[in-house]
1. Mind listing whichever residues of segment 545-564 are open to solvent by 10 Å² or more (accessible area, probe 1.4 Å), outside any strand (DSSP E or B) and more than 12 Å from ligand 2 (Cβ to nearest atom)?
2. Show the residue pairs that are 6+ apart or on different chains and have beta-carbon atoms under 7 Å apart, the first residue being within segment 255-268 and at negative phi, the second being open to solvent by 10 Å² or more (accessible area, probe 1.4 Å) and within 9 Å of ligand 1 (Cβ to nearest atom).
3. Could you grab me the full set of residues in segment 515-544 that are more than 16 Å from ligand 2 (Cβ to nearest atom), assigned to a loop (DSSP other than H, G, I, E, B) and either over 22 Å from residue 384 (Cβ atoms) or within 16 Å of the chain's Cα centre (by Cα) (or both)?
4. Is it the case, given these coordinates, that residue 291 is modelled with pLDDT under 95, outside the structural domain of residue 378 (by TED's automatic domain parsing) and open to solvent by less than 40 Å² (accessible area, probe 1.4 Å)?
5. If only one of 37, 57, 44 is in the same structural domain as residue 142 (by TED's automatic domain parsing), touching a residue at least 40 places away in the same chain (Cβ under 8 Å), at negative phi and open to solvent by less than 50 Å² (accessible area, probe 1.4 Å), which one is it?
6. Considering only segment 369-389, state which residues are open to solvent by less than 10 Å² (accessible area, probe 1.4 Å) and charged (D, E, K, R).
7. Being at pLDDT 95 or above, surrounded by 21 or more Cβ atoms within 10 Å (Cβ to Cβ) and within 16 Å of ligand 1 (Cβ to nearest atom) narrows it down to one residue among 501, 486; which is it?
8. Quick check on this structure: which one of 341, 400, 419, 316 is within 29 Å of residue 509 (Cα to Cα) and open to solvent by 10 Å² or more (accessible area, probe 1.4 Å)?
Amino acid sequence: MTTGSLLAADLVLAVLAAAGWLGGGAASAARRRPLALGLAAFALLATLARAITIAALARAGWWFAAEKVLVAAPLSLAAVAVAGPRLLRAPGDIRSAAVPLLFAGYAVGGGLLVTVLHGYPVSAGAGLLAVAGTVAATAMSWRVLGRRPTRTVSRAALVVAVAALVTGTGLTVAPNAAPGVPHDHEYRDARTVGEPTGRVTLTAGTATVRVSGRDVAAWAFNGQVPGPELTATVGDVLEVTLRNRDIARGVTLHWHGYDVPNGQDGVPGVTQAAVLPGQEFVYRFRADQVGTYWYHTHAVSDVGVRMGLYGVLVVRPAPVTGVDVTVPVHTLAGLPLPAPRTEPVEAGVPVRLRLINTDSTTHRYALAGTPFRVAAIDGSDLRGSTSLVDTAVLIPAGGRYDLVFTGPATPVALFVDGRAVYSTGPVTAATGTWPVLDPLTYGVAAPVRWSRYDKEFTLVLDRGLDLSGLLPRYAHTVNGAAAPDIPPQVVRLGDIVRFTIVNRSTAVHPWHLHGHHVLVLSRDGRPATGSPLWLDSFDVRPGDVWEVAFRADNPGTWANHCHNLPHADAGMTLHLMYS
Ligand code: C2O
Ligand code: CU
């Protein structure tokens, strides 16, 4: 079982346990004895079964097993301790078991709410609030069921509830350190790289485009989705003029995976102001990284990219030899792009397929009909990549894989999530059961690059209630906070930085740091043993722990965020800053 499914199972058990206890309480209040006993027994089983899921999570290296043991387990034990004996004693009047059973339900439910709403890190404040809620709800039920508790009992309950409530609230809303991300500094202009060798204008505007025979409303660069493919030879100086015709919420250009100077990075409010209708902005940078990249708007990026404001950027070491195809995968209005394309390739011709995932979720790619190598990931060539056959690759949101092969005499086809996207002739293949390549064990390792780190950061990715804005929201959080309240990571030029990214939530978070490529050190405690992997986008799955490192060699203020763009907009964005 994966950590993700264990987490889901534990959640289901907790919900079942809470429902069972509450249902049992209600049934005994209604004097439905068999039903009450049945539900309570069921709840007891579910509560005990959580011991198994929690132990399995701990064994799988889930970082937060301790917190389950500290919060969920005591509340569950209290529930069993209070409700259990009542049931076993089989009292004459089943109604007397109602309040203990309800207490058990409130306790388990309280633990569940803390987990789901409060997220990481679980604080004493949240724990006390859960206790206050449980006690208050129990006292209420006691009154409603008309079995007046003695004066001492009600006074004690009142004192506990009020004390827990006051302390818990105090601890929870206590102000924490101001984050201090500059969102209004002077934007640096680094357009000092010499005369451009290529000039392009990209005009953003609303458009109607044709996808799979349907007219679809889109936001497009130069009227097309994807926007024009930008190509360069290494060393070129690119100049791209961005104009906004009528995108009311503004546009920018971010060069995803391209480590441009900070002023060219295209993050509104951080490196430039969003380009509003009628305005323009000129980007200029030297193309000194070879490989497959893409560009996209970073203004309301969730909507903007989804609506079509993206395109391919390819930088080649030399003029193309052989066949060189880009496959930018996207979902526009629910329809898959690009349209399938078939073109014969002569046997013996070298082919490079540049796979790009511009969506917010992972895609599965399978190349059938030929052995192939993964030559590069996220623009960086792999070392000693070996030949693969009948193997799928998973590309995270924002990620790129370059597959290379020599055209065979028989047809070849590339499937994305089972759909043929590119082929050299008719191929039928069931690729759904193919094993998936683990890039951490692919290729040949290089000597260890860094042995000490100047800075270390840990990012715990989670979900939780965010009350710091105007309206409360169920945010995607980093270390318990949501943008713009996540403290920035501050480094100095030249620092070797290590950061550990842990996913405590039940969703996949494709992580993306701007302006730098990170070297993967380990995942889930297992060191990367394949080719050095320099990534800019990688999927942190539920329960995953990734250790990555980079050299702080590109000064500025850089977005560091989840590339599931709805998550990024719902809080999961922080910044890397140079002091
Ligand atoms: Cu591809 Cu911050 O983005
Ligand atoms: Cu995410």
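The values are calculated or read from the model by the stated rules, or taken from the named source; none is laboratory data. This structure is a prediction, so every number in the text was calculated from the model and none was measured. Here the Cβ is made from the backbone with ideal geometry for all residues, glycine too, and neighbour counts use every protein chain on show. Each accessible area value is taken on the protein alone, full model and side chains, heavy atoms only, with ligands, DNA and RNA left out. Shrake-Rupley method; radii C 1.70, N 1.55, O 1.52, S 1.80 Å.
1. Scanning segment 545-564 gives 553, 554, 555.
2. These pairs meet every condition: 267/298; 268/298.
3. Selection gives 515, 516, 524, 525.
4. No: the conditions fail for residue 291.
5. Values: 37 fails: open to solvent by less than 50 Å² (accessible area, probe 1.4 Å); 44 fails: open to solvent by less than 50 Å² (accessible area, probe 1.4 Å).
Checking each option against the conditions leaves just 57.
6. Scanning segment 369-389 gives a single hit, 378.
7. Being at pLDDT 95 or above, surrounded by 21 or more Cβ atoms within 10 Å (Cβ to Cβ) and within 16 Å of ligand 1 (Cβ to nearest atom) holds for just one of 501, 486, which is 501.
8. Details: 341 fails: within 29 Å of residue 509 (Cα to Cα); 400 fails: open to solvent by 10 Å² or more (accessible area, probe 1.4 Å); 316 fails: within 29 Å of residue 509 (Cα to Cα).
On inspection, the qualifying residue turns out to be 419.
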